[in-house]
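Asks: Got a structure for you, written out below as structure tokens; questions coming shortly.
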Amino acid sequence: MTDVYVIGIGMTQFGKHPDRTTASLGAEAVRKAIHDAGIDPRVIQTGYAGHVFQPMVTGQQVLAQVGLAGIPLANVENACSSGATAIRGSYLDILAGVADVSLAFGTEHLTGAFKGAFTPGEDDPEAAVGATMPAVYAMRARRYMEEFGLTREQLARISVKNKRNAALNPLAHFKKDITIDDVLAARPIAEPFGLLDCSPVSDGAAAVVLASGDWVKRHGDPARAVRLAASALRTGEVETAPGSMTFEVLTHKTARDAYEAAGVGPEDVDFAEVHDCFTIAEILRIEGLGLFEQGTYPHAVERGEADIGGRFPVNPSGGLLGKGHPLAATGVAQVVELTKQLRGEAEDRQIEGARVGIAHCRGGKAAGVEGAACTVQILVR
Amino acid sequence: MTTTKTPVSFRPRELVVAEDGTGHLVGSRCPTCGAHYFPTREVCAGCLTEDLETVPLPRRGTLYTYTVVHQSTPAFETPYVLGYVDLEAPVRVMGQIDVDPEEVAIGMALELKIVPWGTDDEGRTVWGYRFGGVS
């Protein structure tokens, strides 16, 4: 079986872009990825475009702007995992021998499409009684507090850490360090969360170009190519009895698939980019991925172990809390960050000696299902 | 004025309201393995049995977790308490909790209450549900 490599990465500024369109953001990220790869765009054979609240065939609109019309392209919607699912499409095309070079991107002009708190699907029975995404995660936080003694300050520290990392990332939505007191004093959203426990509504796009090992050997730059060793995807299972909301079975199973495909275990991973849509989410993801024992990660954050320069850095890019969360762009931006770190191109955020990175996305909610779509990708230098 | 006596449920597939104002949530029960589901399902996720029974769900349960919501969609006035209640089937159902935010606690016993939810186009009261303290 062939190996798959990331050969080009591109990302727009994340933030509010009132004067841009979904397609223009996507095109900017794709052009950057093509330039970063140093390729003639005509070597790209297939494409996948992730987007959630955007017009139909947004992917084709992007292609038209970058001179890539004609190739097979599919638009992909998997809520917050849309971009990561698009990458998996390119990954599978290369594994299957359908393409030597494939393009995946995620683009979202979210401020133009949405305001306020997200809800599950419109007809969802939980949305009908007042569920919002912050409320669902706030309930998980409350339960985690009850079971493991998590404190409000420990939760706040996750936001402080990620916004500190974001301040070192020129493409991040947030540019300012904050304090624990800032988090505690923020406007309440769903208790225990205030505004700074929640990822922002951001616009942005990110793109990657993937290529087969053979292609990299013949045409690529092996010094800058980073191996995508696994791209796993699972769907949440219907619960046959009330389950735990403090341990993510879906994340755990998706990670198991990814570790198996990559031939590595959690003990081999040096750092992580995880789906911290809310402060509690970073805890649930990291523990679900098997990187820390259940109930221990909040203490590790308190000791600085998850900082850049710590034992196990988490969300060096700033994560969703700091870098921003343009839904479908998020999963692709995580792979952009992993690639930068593993190439040694992460500048002020560089994690020294990192060899193996893991990215986790989780999106969507439906009544009676633990979660909708989950992706785990492993990159190896 | 309305001529029909049957109260209007906000979501008839999930909540049945009787003429006397009592009501119950509607779920599925697997006749093979006994698993319960809310909302209703066509196939059992545990054993793939296809002919699930539609059943009234128990009215009582305990609070698994909760939050006080301060920002929501325009359809809801804030703040409100929202929670997951583990009914005695067992099956977990989300609902608003009619308990003072200062007094709500994980593990507390709750029961289903049928409450006015709004009015329909014909001016009739539409009924929804919340969970409140056991009387």
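What follows is calculated from the coordinates using simple rules that are stated; it is not laboratory data. All values derive from a computational prediction rather than experimental measurement. Heads up, the Cβs are rebuilt from the backbone with ideal geometry, glycines too, and the neighbour counts pull from every protein chain shown.
Asks: How much FRET efficiency would the formula 1/(1 + (r/R0)^6) give for B:Thr62 and A:Asp177, where r is the Cβ-Cβ distance and R0 is 51 Å, rounded to 0.05? All intermediate terms of the calculation are to be shown ahead of the outcome.
Replies: Details: r = 42 Å, r/R0 = 0.83.
Calculated transfer efficiency: 0.75.
Asks: Provide, as a two-decimal number, the C-alpha radius of gyration of segment B:35-78 over 2.2 N^0.38 Å, N being how many residues it has.
Replies: Details: Rg = 16.1 Å, N = 44, 2.2 N^0.38 = 9.3 Å.
That ratio works out to 1.73.
Asks: With the cut-off at 1.5 for a/c, could you classify segment A:248-381 from its C-alpha gyration tensor as rounded, prolate or oblate? Working shown, then result.
Replies: Numbers: a/c = 1.35, a/b = 1.32, b/c = 1.02.
Verdict is rounded for segment A:248-381.
Asks: Which ³J(HN,Hα) values, rounded to whole Hz and listed in residue order, are derived for segment A:356-365 from phi using the Karplus coefficients 6.51, -1.76 and 1.60 in 6.51 cos²θ - 1.76 cosθ + 1.60 with θ = phi - 60°, glycine and proline given as x?
Replies: 10, x, 10, 10, 9, 10, 8, x, x, 8
Asks: If each DSSP helix of 4+ residues adds -39,500 (n - 2.57) and the sum is divided by the residues in the protein assembly as shown, what number results at 222 nm, nearest 500 deg cm²/dmol? Kindly include the intermediate steps, with their values, before the conclusion.
Replies: Numbers: 13 runs with 139 residues, N = 516.
Result for the protein assembly as shown: -8000 deg cm²/dmol, rounded to the nearest 500.
Asks: May I ask you to derive the FRET efficiency for B:Val55 and A:Ala223 from their Cβ-Cβ distance with R0 = 56 Å, giving the value to the nearest 0.05?
Replies: On the way: r = 64 Å, r/R0 = 1.13.
Here the calculated transfer efficiency is 0.30.
Asks: At 25 °C and a viscosity of 0.890 mPa s, what translational diffusion coefficient does Stokes-Einstein give for segment B:8-133, taking Rh as the Kirkwood radius over Cα pairs? Give it in µm²/s as a whole number.
Replies: 158 µm²/s
Asks: Between B:Glu102 and B:Arg41, what is the spin-label point distance in nm, taking each point 7 Å from the Cα along the Cα→C-beta axis?
Replies: 4.2 nm
Asks: Something else about it: Give, to the nearest whole percent, the P(r) tail of chain A beyond 31 angstrom, counting all Cα pairs.
Replies: On the way: 20430 of 72390 pairs.
Value for chain A: 28 percent of Cα pairs lie more than 31 Å apart.
Asks: Counting only residues 5 or more places away or on other chains, whose amide H sits under 5 Å from the amide H of B:Gly27 once H atoms are built in the peptide plane?
Replies: Amide H neighbours of B:Gly27: B:Val55, B:Leu57.
Asks: Apply the Karplus parameterisation 6.51 cos²θ - 1.76 cosθ + 1.60, with θ equal to phi minus 60°, to every residue of segment B:115-131 and state each ³J(HN,Hα) to the nearest whole Hz, in sequence, with x for glycine and proline.
Replies: Listing the rounded values in order: 10, x, 10, x, 10, 8, 4, 8, x, 7, 5, 9, 9, x, 9, 9, 10 Hz.
Asks: Given a cut-off of 32 Å, name the pairs among A:Lys16/A:Lys217; A:Lys32/A:Lys161; A:Lys253/B:Lys113; A:Lys16/A:Lys340 whose C-alpha atoms lie farther apart than that in the structure shown.
Replies: The pairs that break the limit, which is 32 Å between Cα atoms, are A:Lys16/A:Lys217; A:Lys253/B:Lys113.
Asks: Sticking with this one: Of the DSSP beta bridges with both residues in segment B:8-133, give the percent that are antiparallel, rounding to the nearest 5. Intermediate results must be reported in sequence, preceding the final value.
Replies: Details: 35 of 39 bridges.
Here the antiparallel bridges make up roughly 90 percent for segment B:8-133.
Asks: For the ranges A:348-354, A:89-95, A:274-280, A:304-310, what's the packing order if you count other beta-carbon atoms within 10 Å of each residue, average per peptide, and put the highest first? Mind showing how you got there, number by number?
Replies: Numbers: A:348-354: 14.6, A:89-95: 22.0, A:274-280: 28.0, A:304-310: 17.3.
Result, highest mean Cβ count within 10 Å first: A:274-280, A:89-95, A:304-310, A:348-354.
Asks: Take every DSSP beta bridge with both residues inside chain A and express the antiparallel ones as a percent of the total, to the nearest 5. Spell out each step's value before the answer.
Replies: Numbers: 39 of 54 bridges.
Around 70 percent antiparallel, to the nearest 5.
Asks: If I take every Cα pair under 8 Å that is 6 or more residues apart in chain A, average their sequence separation and divide by the length, what percent do I get for the relative contact order?
Replies: Details: 946 pairs, mean separation 99.1, N = 381.
Worked out over chain A, it gives 26 percent.
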